[in-house]
1. Report relative contact order for segment 390-533 in percent, whole number only (criteria: Cα-Cα under 8 Å, sequence separation at least 6).
2. Classify segment 341-421 from the C-alpha gyration tensor, please: rounded if a/c falls under 1.5, else prolate or oblate depending on whether a/b exceeds b/c.
3. Please calculate how many Å² of accessible area segment 492-622 carries per residue, with a 1.4 Å probe and no DNA, RNA or ligand atoms counted.
4. Loop only by DSSP, 16 or fewer other Cβ within 10 Å of the Cβ. Give me the GluC sites (Glu not before Pro) in segment 493-575 that pass, ordered by residue number.
5. Sort 667-680, 593-606 by packing, meaning the average of other beta carbons within 10 Å per residue, with the highest value first.
6. Compute the relative contact order of segment 496-595 as a whole-number percentage, counting only Cα pairs closer than 8 Å that sit 6 or more residues apart in sequence.
7. Does segment 1-159 come out rounded, prolate or oblate, given a ≥ b ≥ c as the square roots of the eigenvalues of its C-alpha gyration tensor, rounded meaning a/c under 1.5 and, failing that, prolate meaning a/b above b/c?
8. How much of Tyr474 can a 1.4 Å solvent probe reach, expressed as accessible area in Å² and rounded to 10?
Amino acid sequence: MKPVLRSIYFFLPVQLVLLHFRKYQVLLTFWVILLLTITGNFAAHFGASSLFLAPEYMGRISFTSMFLLGGAMCVFTMMWHITTFIIHSKRMPYMGATRHAFLVYTFNNSVIPLAFLVFYSFVTIHFQWHDEHSSWSDIVLLQLGFYLGFAMVILISFAYFFRVSRDFFKAVLVKIANPARIRKIIPYDSLDYEIDIIPAHSYISGNFTIKKSTDREPYHPRVINTVLRRHHRNVIFATLIVYIMLLLMGIFMEQPLLRVPAGAGFLLLFAIIMGVVGAFKYFLKSWETIGWVIFFLLLGRMVNYHLFDLRSIAYGLNYHIPEKQEPVYNYEHLHRLFTPQLYEADKEKEKVRLGKWKTKTGEANPPLVVITVSGGGSRSAYWTFHALQYIDSVTKGRLFQNTVLLTGASGGMIGAAYWRSIHDAYQRGLLKDPYSHRYQDNIGKDLLNSIIFSFASVDLISPFNKISIGGYSYTRDRGYAMEQEMIQNTEGLLNQNIGYFRQREADGYIPQMIVSGTIINDGRELMISNQPVAYLTQPEYSLHEPAPPIDAVDFAAFFAGQDPYNLRLTSALRLNATFPFVLPVVKLPSEPRMNIMDAGLRDNFGSEMASRYLYVMRDWLLNNTRGTIFLEIRDTRENDVSENSDESSSLGKMLIDPLFVIQNKWEAFQSYSHAFIKNYSPWFLNGKLKFITLQYVPKESKKVAALNFHITQKEKEDLYESINNPENQAAIDTFIKLINQPNP
């Protein structure tokens, strides 16, 4: 066995695998990231695995989407071959006499790519069968599309490199027939030799036969360098082509035909990064490390001088006013703006609005409903929308009629906003059936693909694209891409500025909606509303204190000079759902810039704002309603919000968990704090406040729908059926009794 094992060990494909793990491991990280992503061990909360396992093109998982993904996978694979060939070919002088040296290297360097493709196919087939509920015929068609795309690009690549090699041998080796001549002509230079030679005794030849390396007389290193220069130009050319492809797709991102699957976009981006690594090694050689340091220093200076900005913007808001006219964001300005007088004035305006709502109900003392929804990406949006539609239908529209306030966080607010827009359009006579199932399908459509595609093709490649919205010019990024996809998915019903609903809210026809965000400068809450809400910016007890704790900001009042009601509704919903890294931080035009992230950082359930609203309006509620219903819609269970685990089960957990405990348990902390609000809120309404909670309860506790902007078909079915859970049905029965309870 010893000779057999020895021959295997010194086989070039085996030696190359060992070499990759021994040197330049950074290039292996691309494969590791892909492997961890498709297995759900990397960026699982972002739904990254679905980008590669169920890629979407033109809104569908299809033969074409898999074909494009397969082609992009081949581009990435070929860039891996080119870059590693440039780095390692000097360690294989015996390949210098091999015709089509690069192609031979590719055959021998394919162990890792082939292993990945086999594993990828296994995982993809399982995912499409188990999670997407695709038929076997569809799965076979999808796999065929992937490998046809891969084969097409590989044929084009081989044809190109075959031509390169042929031209080289015609121009150089035909004139210099014997390598021995070169050794006589070119002086010996010890720096030309690579000490770390790969000890391979055999390799796979161009005609797929195994040949011995000792049968080849090596060329002089200068000839090898000539081959390398050709391939250095190849990698630069290939990188440029891929860059241009992504640039054009970013420029024309509005054209659905050019919006390739996001997974394909990321593979092309990886190919560019790999190509840049190869180019750095070619041009800088021993200066490479210093080159990277200088590159990142220059990048940092460009950010400092505002040549480009990684933050996003809120479309519709006026960013084009002189800096001196921008509102100053500090406590002194907030204290001057949100005075006790403004507090009382806005409170009285809200009482007027509630009076109009009461008149519209036609009841002397109608029940009043406040709805709060939780964050949770598309999972929460889908569940929230279904829960609201279901309750509204079984109460014959009374839920929508009796609701005065909608608030919450992230995905839940997207679902609630769509629900409100549908019923507003129905009241306006713009649609016939507000309960059509197609609206449920719409809210479940993918948003992640557009976000990730834009991240790869616009954010990192071309940050200078301009777009005009509401009379102002802006740059485009993945935030804009997400908004456009949201508008398209919802049939344009969310394609309005927030002021579109202002008058109908004020007249009591539709619920007031407060879209919030967390100001990460200092942790205050930003409240985006059509109605004045200064009465929610600070606790009532502090009104006449010299330095009241102003913990929230009324968006329209603070940005009064910057056309606040022209803000796009989708922009408000996006900043409300700005999950870290998936969507960029939103900067608002104040001095200094007000930076906004997900509302869930401050109040993931909307309970803090809603309870303050009820407390401020308590006297009006006691005198004008027969009771208040606090309807909570959560995408997690209130009594089981986080997985319990043994914190000391491993050394890694003991070291890492203390660093990330706040991040990992943040929702649990908020949920427990929320219990205190529920405990004390009924007191200030003399017991006339009832909490009704609807929760997403998965059929299998360990198979919860992922928290991201993509949900699979299986997850949709699980979310949809959760309304039939006995606990939810009991809560709905209680709600029906309360809403239909006659006046005392």
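1. Values: 147 pairs, mean separation 40.7, N = 144.
So the answer I get is 28 percent.
2. Values: a/c = 3.41, a/b = 1.39, b/c = 2.46.
Note, shape of segment 341-421 comes out oblate.
3. Details: 3710 Å² over 131 residues.
Heavy-atom SASA per residue in segment 492-622 reads 28 Å².
4. Values: sites: Glu505, Glu525, Glu540; in loops: none.
Taking segment 493-575 and a limit of 16 other Cβ atoms within 10 Å, no loop GluC sites (Glu not before Pro) are found.
5. Values: 667-680: 15.4, 593-606: 24.6.
Ranked from most to least packed, the peptides come out as 593-606, 667-680.
6. Working: 129 pairs, mean separation 29.2, N = 100.
So the answer I get is 29 percent.
7. Working: a/c = 2.15, a/b = 1.81, b/c = 1.19.
Note, shape of segment 1-159 comes out prolate.
8. Around 10 Å² of this residue is reachable by solvent.
The values are calculated or read from the model by the stated rules, or taken from the named source; none is laboratory data. All values reported here derive from a predicted model rather than from experimental measurement. Positions of Cβ are backbone-derived with ideal geometry, glycine not excepted, and every protein chain shown enters the neighbour counts. What goes into the accessible areas is simple: the full protein's heavy atoms, side chains included, and nothing from ligands, DNA or RNA. Shrake-Rupley method; radii C 1.70, N 1.55, O 1.52, S 1.80 Å.
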